[in-house]
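Down below is the structure, laid out as structure tokens.
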Amino acid sequence: MVLDAADPAAVRTLAALLARGGVAIIPCDTIYGIVGIDPEADAGIRKLKGRGENKPFLRLVADASWVRALTGAEAPARLSRHWPGPLTLVLPAAAGGTLALRVPATPWLRELVAGLGRPLLSTSVNRSGRPALWRVRDIEAEFGRDVDMLLDGGDLPDALPSTIVDATVRPCRVLRQGAFSVPPEDLR
């Protein structure tokens with residue numbers, strides 16, 4: 001099912017689909033993403049991408065207050081001040097390991113996550129090891145039969161993924177340079 005992202009009814013349909021455990025492709029404030037509720041959608045998204053179990057997905061959260069609930073700590077203020085936006089922070093998880101969290105800049109997406117009350121797993125729209133797709137017709141051709149919904153926000157030819165920063169080390173380290181340039185002083 002392909003729905004127009006500009007239609008408010010489409011976002012309501014998306015919310016209901018995700019609440020039922022569905023997987024969708026949506027335009028984020030960065031690139032198109034494959035999304036589903038954490039953790040229920042994890043196995044389905046991995047199968048869809050052909051991705052192994054060792055590489056984690058980032059989680060979209062409604063606002064910075066979700067960090068404490070998910071990690072047991074606060075995100076570094078010098079980095080989280082750039083939220084909402086295209087910055088993903090890798091933070092220590094309370095139960096061990098790490099979590100990659102991002103507060104998207106798109107208001108409807110933050111509202112969607114807040115309404116669901118759970119983080120959304122998110123990953124680029126591609127098969128593992130292949131380039132991310134940005135043209136809607138290519139996304140539909142490659143994944144249209146495999147996802148429950150494609151929310152069409154138009155082609156995103158110049159979109160970049162989020163910048164990923166490892167905030168578990170000091171100084172913090174840029175793992176992937178993307179749409180946001182982190183001021184060097186914020187990495188200290």
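The values are calculated or read from the model by the stated rules, or taken from the named source; none is laboratory data. In this text, all values refer to a predicted model and were calculated from it rather than measured experimentally. Here the Cβ positions follow ideal geometry from the backbone for every residue, glycine too, while neighbour counts run over all protein chains shown. Quick note on the areas: whole protein, heavy atoms, side chains included, nothing else; ligands and nucleic acids left out. Shrake-Rupley method; radii C 1.70, N 1.55, O 1.52, S 1.80 Å.
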Looking at the stretch 17-29, can you tell me whether even one residue there is touching a Ser or Thr at 6+ places or on another chain (Cβ under 6 Å), outside any strand (DSSP E or B) and under 19 Å from Ser162 (Cα atoms)?
yes
What number of residues within the stretch 148-188 satisfy the criterion of being among the charged types (D, E, K, R) and in a strand (DSSP E or B)?
4
Being open to solvent by 70 Å² or more (accessible area, probe 1.4 Å) and not in a helix (DSSP H, G or I): is that true of Gly129 here?
yes
In the stretch 30-43, anything open to solvent by 20 Å² or more (accessible area, probe 1.4 Å), part of a loop (DSSP other than H, G, I, E, B) and among the aliphatic types (A, V, I, L, M) is listed as Ile31
Scan the stretch 11-22 and give yes if some residue there is open to solvent by less than 20 Å² (accessible area, probe 1.4 Å), more than 22 Å from Leu133 (Cα to Cα) and not charged (D, E, K, R), otherwise no.
yes
List every residue pair whose Cβ atoms lie under 6 Å apart, where the two residues are 6 or more positions apart in sequence or sit on different chains, the first residue falls within the stretch 125-145 and is in contact (Cβ under 8 Å) with a residue 12 or more places away in the chain, and the second residue, located anywhere, is surrounded by fewer than 13 Cβ atoms within 10 Å (Cβ to Cβ).
Arg127/Gly50; Ser128/Gly50; Trp134/Pro157
Could you tell me whether Ile164 is among the β-branched types (Val, Ile, Thr) and closer than 15 Å to Leu101 by Cα?
yes
Report the residue count in the stretch 134-180 for those that are open to solvent by 30 Å² or more (accessible area, probe 1.4 Å), within 26 Å of Asp7 (Cβ to Cβ) and in contact with a helix residue (DSSP H, G or I) (Cβ under 7 Å, 6 or more places away or on another chain).
4
Listed by range, strands (runs of 3 or more DSSP E) wholly within the stretch 44-126 having at least 3 residues that are of a type outside the set (Asp, Glu), open to solvent by less than 30 Å² (accessible area, probe 1.4 Å) and modelled with pLDDT of 95 or more are 87-92, 98-102, 120-124
